[in-house]
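The values are calculated or read from the model by the stated rules, or taken from the named source; none is laboratory data. In this text the structure is predicted, and so the values were computed from the model without any measurement. Methodologically, a virtual Cβ is constructed for each residue, glycine included, from the backbone with ideal geometry; neighbour enumeration extends over all protein chains shown.
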Amino acid sequence: MGDLDLARAALRARQGAGARYEAATAPAQELALARLGAAYFARKLNELSDAELAMPSARPGWTRARVAASVALQAREIAQAIEDALGLESDERAETDRAALDLAETLPPRALRHLCAHADVHLAVVWRDVPEAGWAGQVALARGTTDICATPRQRAIALWAGALALGNGGRLRDVPQDLRDELAKQD
């Protein structure tokens, strides 16, 4: 039993009956990478002052606010696509296209930080509630169709890339080795 398995078993023991967990078929390692990336991104985002959010990021032509908005909207897009794939469709879907990105970039700093946090929690809840068979399904995202089981890794890469793009001290050596090569190729 690996460290991740031991940690998951300890969590289940602490939380007891009634708590909900990801399905056994969920990609546990990739979900762990996404959670770690979410924590790192949140830390780097919250290290920035409100004024610093309006400053240029390490991504050419983008402000730090745009990076944060992009990370948040990616979580929202994945969550909504999985809900749709699982038959939880709703008429009230939030936009995640370029116009939504342009708008989200202009949100007041506090609202942008809340958008990032809320979108991340929403996605975590959606992943938790994917049934065992659901992880074998596919979702339609703006960049094409992908397997639901691939979304945690895609999210992890976006989170770590976003944290580095904020340009406020994030380092490639902080990125888990499993993702480092992929991120290095993006530069």
Checklist entry - Taking region 40-94 only, how many residues are modelled with pLDDT under 95 and assigned to a loop (DSSP other than H, G, I, E, B)? => result 9
Checklist entry - If you go through region 56-66 one residue at a time, do you hit one that is under 25 Å from A140 (Cβ atoms) and surrounded by 20 or more Cβ atoms within 10 Å (Cβ to Cβ)? => result yes
Checklist entry - Any chance region 144-152 includes a residue that's among the small types (G, A, S), at pLDDT 95 or above and part of a helix (DSSP H, G or I)? => result yes
Item to check | Residues of region 36-61 that turn out to be over 23 Å from R110 (Cβ atoms) and out of contact with any Leu (no Cβ under 9 Å at 6 or more places or on another chain), as a count | outcome: 2
Next on the checklist: So, in region 8-52, exactly how many residues are buried (at least 17 other Cβ atoms within 10 Å of the Cβ) and touching a Gly at 6+ places or on another chain (Cβ under 8 Å)?
Outcome noted: 3
Item to check | Identity of the residue in region 67-94, in contact with a helix residue (DSSP H, G or I) (Cβ under 8 Å, 6 or more places away or on another chain) and surrounded by fewer than 18 Cβ atoms within 10 Å (Cβ to Cβ), that ends up nearest to P131 (Cα to Cα) | outcome: L86
Checklist entry - Which condition number does D5 fail, the rest of (1) surrounded by fewer than 17 Cβ atoms within 10 Å (Cβ to Cβ); (2) part of a loop (DSSP other than H, G, I, E, B); (3) among the acidic types (D, E) being met? => result (2)
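Scan region 99-110 for residues that are surrounded by 11 or more Cβ atoms within 10 Å (Cβ to Cβ), over 15 Å from E47 (Cα atoms) and out of contact with any strand residue (DSSP E or B) (no Cβ under 8 Å at 6 or more places or on another chain) and jot them down. Before the answer, list the steps.
Here is the first cut: in region 99-110, the ones surrounded by 11 or more Cβ atoms within 10 Å (Cβ to Cβ) are 100-109.
Next, only the ones that are over 15 Å from E47 (Cα atoms) stay: 100-108.
Across region 99-110, the qualifying residues are A100, L101, D102, L103, A104, T106, L107, P108.
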Item to check | Scan of region 72-96 for residues that are farther than 14 Å from V125 by Cα and among the β-branched types (V, I, T), ordered by number | outcome: T96
